[in-house]
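A short reminder: the numbers here are calculations on the coordinates, not readings from a lab. Keep in mind that what you see is a predicted model, and the values were worked out from it rather than measured. With ideal geometry, Cβ positions are generated from the backbone for all residues, glycine too; neighbour counts draw on all protein chains shown.
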Amino acid sequence: MITPSTTVQPGTDDAVTIHPPETPPGSSSGSTFRQLTRTPLVPEAVLKHHGAFCAIDTRFRSAARLLQCLWLKDQDIPTASSARRGSINAGSAFGSILDARAARAGRNFLSPAIHRLSLQELLLREDDAAIDEERLFGNALSSVPLTFNLFGPLAIDHALATDVFRRLLPDVIHSVERIIFEHSPGRREDRFLTDRTAFDLAVRVTTPEGEAATVFIEVKYSESMEGPAARMRDRYNEASRQVRLYRDPDSAILRSLALEQLWREHMLAQLAVDHGVTPRAFFLVIGPRLNRRVQAACQVYDAELVDADQRDPDRVAFAPLTLETVIEAIAAAGAPDLAQALWARYCDLDRVYRLSMQELAGGDNCSSPSEPSIASRRALPPPRRSLSPSSRRCTNRVPTRAKRTSGTTKQAVA
C-alpha cells in the first residue's frame, strides 16, 4: 500500500492521496470518535442472552450482531426473536432480524426520509437489478440497509454529499451531481462481464477541472469475505487481461473467494471508462476498520494491482476507506447528529465491550448496556488528525487520471 503522505498536483500522471484533509475547513482540533484497537471477543453466554449467538459468526460479526440487537432494543423495535419468545420456536431467530411488521414500517432505517428513499429506489431500480428486500427492510446486520443509512442522506442533500466527498477525495471532487444505488453500466452485456455484477453505489461527480467522473463504491459491514462466489466465466479471464490493471491478470488470487467480487467490480469500473460510459472513474471499498477480513482482502487485492507509477493514466484506481473515516467526514461536513447515529449503530464496539465486562463481572463499574458509551457521549470532532497504523494500511492513493447478507459477497447471477 502507498503511504498517505504521497501527494502531487492534479493533471499529472502520478497519484494523489485519498483520505480526509489534515485540516478540514471549519473544523477544530480535539477529541474524536474512539474505536477499540481490536474487536471484543464476546462470550457465548452474553451473545445468547441477547439473542445474538450464531455458531459460525466471525469474531467481528458476533460483536456487530450484538450491537445491532442492542440498537434495536434502544429503538424499541420488535424483532423476530422477541415475537417468538415463549413459543416452541423460541431462539430460532436472531435478535438482529426485525419483526415483519417493523420491517414493513421501515424501522431498519435511521429516519423516515431514508425509508422513503429506499422505497423509491426499489420501485425505480434498474432493469435486472438485484435488491434483496428481506435484507434491506428486515436484517439489521446486513450491509444493504447500511448503504442506505450511510449514503441516503447524501443522496437527498447534494450539498452535504459534496462536502463529504471533498473531504474523502479532496483532490478529485469538486461537486456531487447524483447518487445511484445498485448500479451497473450494463448487466449481461458482452462488452462488460455478461453477468449481473453491480456496485452498491455510483456517485456522479464533477472534478476540479470540470470533467465528469464516477465514483463506484462497494460497502461491506460484517462480511467474512468467504463467498459464495460468482460462477467463473471465460469473459472474466478475457476482461482481466483487457483492463490492464493487474500484475498478473491470470492470478489465482484474484479468483479466490475473498477477492473475486472486488476483481469483478474493478474490471466493470474500468470497462465503463473504456467504453465511454464515464470519462473517468474511481473504485472505493468501504468497510469497518475492525473487520480484519475485509481490510485484509483489500490489502491483498491492492498488492495484485499494477503500481500507480507504472499504470496508464486512464486506469481506474482502487482505494479502500474505513467506515469510520466516512462517518467522521459526515460529522466534519456539518451533520453531527447523522454521524452520531451512524456511529452508535454501526461502530460503537466500545459499548459491546462494556456490556460484556458488566455481564461477566456483575459489577457496577461499567456503563449500563442501555446507556451510550463514554466515547459516544463525547461531542463530535473533525476527522482524525493522524491515522493509526491499521488505518493507514487501508488508505490508498488514486491517480488523477485514471446483497447481501452479512458474511457473503454479491453474486453475479447468470
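A few remarks follow.
- As a ratio to 2.2 N^0.38 Å, the alpha-carbon radius of gyration computed for region 105-183 takes the value 1.15.
- In terms of packing, defined here as the mean over residues of other Cβ atoms within 10 angstrom, the peptides 266-278, 192-204 line up highest first as 192-204, 266-278.
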